[in-house]
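The values are calculated or read from the model by the stated rules, or taken from the named source; none is laboratory data. In this text the structure is predicted, and so the values were computed from the model without any measurement. Heads up, the Cβs are rebuilt from the backbone with ideal geometry, glycines too, and the neighbour counts pull from every protein chain shown.
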Amino acid sequence: MLIDQGYVAECTADNIFIVHKGELITPAASQGALKGITRGTIFDIAAELGVPLREANMTRYDVWCADECFLTGSGAEVVPVVKLDGRVIGTGRPGDITQRVLASFRRRVFSEGTKI
Ligand SMILES: Cc1ncc(COP(=O)(O)O)c(C=O)c1O
């Protein structure tokens, strides 16, 4: 979803992250993004993995040119995105940072002893 200035804010029930040159970027809450619980967990995971993360304005062009992209939400968890409007993002496959974030997320959520 875009805000009226044309920047990407988030998806219908998910926050969005892109990876650009080894850095994670997500739209700021001041740019229309919901401060999702899962989004917050990704901030913790990025710090734990030593992956730099910043909030910044994001255009559709930034998403198309990103190395990687993924969505986060309580329902979606962490979902790699490999295409936007028919254009392939990065290699067209879930990237290294996305896979590391996803693995760390699953360890946290489904760790031994977790009761759902
Ligand atoms: C508009 C919107 N953005 C993002 C999210 C993700 O938030 P959370 O990680 O807290 O589920 C949701 C969840 O319903 C949402 O409705």
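Annotations for the structure displayed:
- Test: residue in the range 86-100 that is touching a strand residue (DSSP E or B) at 6+ places or on another chain (Cβ under 7 Å), among the hydrophobic types (A, V, I, L, M, F, W, C), touching a residue at least 12 places away in the same chain (Cβ under 8 Å) and within 16 Å of the ligand (Cβ to nearest atom): no
- In summary, residue 85 fulfils each of the numbered conditions (1) under 20 Å from residue 3 (Cβ atoms); (2) surrounded by fewer than 19 Cβ atoms within 10 Å (Cβ to Cβ); (3) in contact with a helix residue (DSSP H, G or I) (Cβ under 9 Å, 6 or more places away or on another chain); (4) at pLDDT 95 or above with the single exception of condition (4).
- Within the range 1-37, the set of residues being touching a helix residue (DSSP H, G or I) at 6+ places or on another chain (Cβ under 7 Å) and within 13 Å of residue 53 (Cα to Cα) comprises 17, 18, 19, 24, 26.
- Of the residues making up the range 43-74, those that are away from the ligand (no atom under 11 Å from the Cβ) and either touching a Pro at 6+ places or on another chain (Cβ under 6 Å) or β-branched (Val, Ile, Thr) (or both) are 45, 51, 58, 59, 63, 70.
- Restricting attention to the range 29-42 and to residues that are surrounded by 16 or more Cβ atoms within 10 Å (Cβ to Cβ) and free of Cβ contacts under 8 Å to residues at least 40 places away in the same chain, the residue that is farthest from the ligand (Cβ to nearest atom) turns out to be 31.
- Scoring residue 74 on the criteria (1) polar (S, T, N, Q); (2) over 23 Å from residue 2 (Cα atoms); (3) surrounded by fewer than 13 Cβ atoms within 10 Å (Cβ to Cβ) leaves a single failure, condition (2).
- Count of residues meeting criterion [within 8 Å of the ligand (Cβ to nearest atom) and touching a residue at least 40 places away in the same chain (Cβ under 8 Å)] in the range 1-28: 4
Here is a yes/no grid of residues against (1) closer than 23 Å to residue 102 by Cβ; (2) touching a Ser or Thr at 6+ places or on another chain (Cβ under 8 Å); (3) of a type in the set (D, E, K, R):
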residue: 5; (1), (2), (3): no, no, no
residue: 9; (1), (2), (3): yes, no, no
residue: 12; (1), (2), (3): yes, no, no
residue: 15; (1), (2), (3): yes, yes, no
residue: 21; (1), (2), (3): yes, no, yes
residue: 27; (1), (2), (3): yes, no, no
residue: 32; (1), (2), (3): no, no, no
residue: 38; (1), (2), (3): yes, yes, no
